[in-house]
Amino acid sequence: MAGVMAAGEERKERRILVAVDDSEESMYALSWCLANVVSENPANISKDTVILLYAKPRPAVYTAMDGTGYSFSSDIVAMTERYNNRVADSVMEKAKRMCEEFSDVKVETRVENGDARDVICQVAEKLDPDVLVMGSHGYGIIKRALLGSVSYYCAQNVKCPVLVVKKPKSSVSN
């Protein structure tokens, strides 16, 4: 991203927003970002801030009875919320551990509630990072048509540059 720095040139602090979730693709994108974007400074003096963002799904809102006549107790809703909180905590801890080997980089974390597309775009708008880094799940055309691509949506809707990192497929020996 940045070229070779001249002697005595001061490096600009960059704010790098990295969207993380519980997928291998997401963690690969963070790892790639740390190795190829954050650690590019030859003097290993980083003034970068990596902002880890996790979009926690909102708990589903149910009426007392759904269309089938089954009721949803508040215990089930609370259990789902606890599970979502545990996943968010687990993802953030794993991501923070990955960042620890880069001692000069500052790490911030944000957990926001909502659809990943909306959360990522809203946080990118609010924080105005230098770059947004995301993993690609590599869905085929059918899944992408049905589920939509979060990375594609964000690339089309945020103002900052978007770096989509695709995890290489493991090669199979013949």
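The values are calculated or read from the model by the stated rules, or taken from the named source; none is laboratory data. Bear in mind that the values here come from a model prediction, so they are computed numbers and not experimental data. Counting neighbours? That spans all protein chains shown, and the Cβs are built from the backbone with ideal geometry, glycine included. Keep in mind that these areas ignore ligands, DNA and RNA; they rest on the heavy atoms of the full protein, side chains included. Shrake-Rupley method; radii C 1.70, N 1.55, O 1.52, S 1.80 Å.
Name the residues in segment 81-90 that are touching a residue at least 24 places away in the same chain (Cβ under 8 Å) and open to solvent by 30 Å² or more (accessible area, probe 1.4 Å), would you?
Those that are touching a residue at least 24 places away in the same chain (Cβ under 8 Å) and open to solvent by 30 Å² or more (accessible area, probe 1.4 Å): ASN85, SER90.
So which residues in segment 13-53 are in contact with a Phe, Trp or Tyr (Cβ under 9 Å, 6 or more places away or on another chain), at pLDDT below 90 and buried (at least 17 other Cβ atoms within 10 Å of the Cβ), if there are any at all?
The answer is VAL38, SER46, ASP48.
Of all residues in segment 104-116 being at pLDDT 90 or above and either of a type in the set (Val, Ile, Thr) or in a helix (DSSP H, G or I) (or both), which is least open to solvent (accessible area, probe 1.4 Å)?
ALA116
Taking the options GLU93, GLU10, GLU101, name whichever one is modelled with pLDDT under 75 and open to solvent by 60 Å² or more (accessible area, probe 1.4 Å). Quick ask: steps written out before the conclusion?
Numbers: GLU93 fails: modelled with pLDDT under 75; GLU101 fails: modelled with pLDDT under 75.
The conditions single out GLU10.
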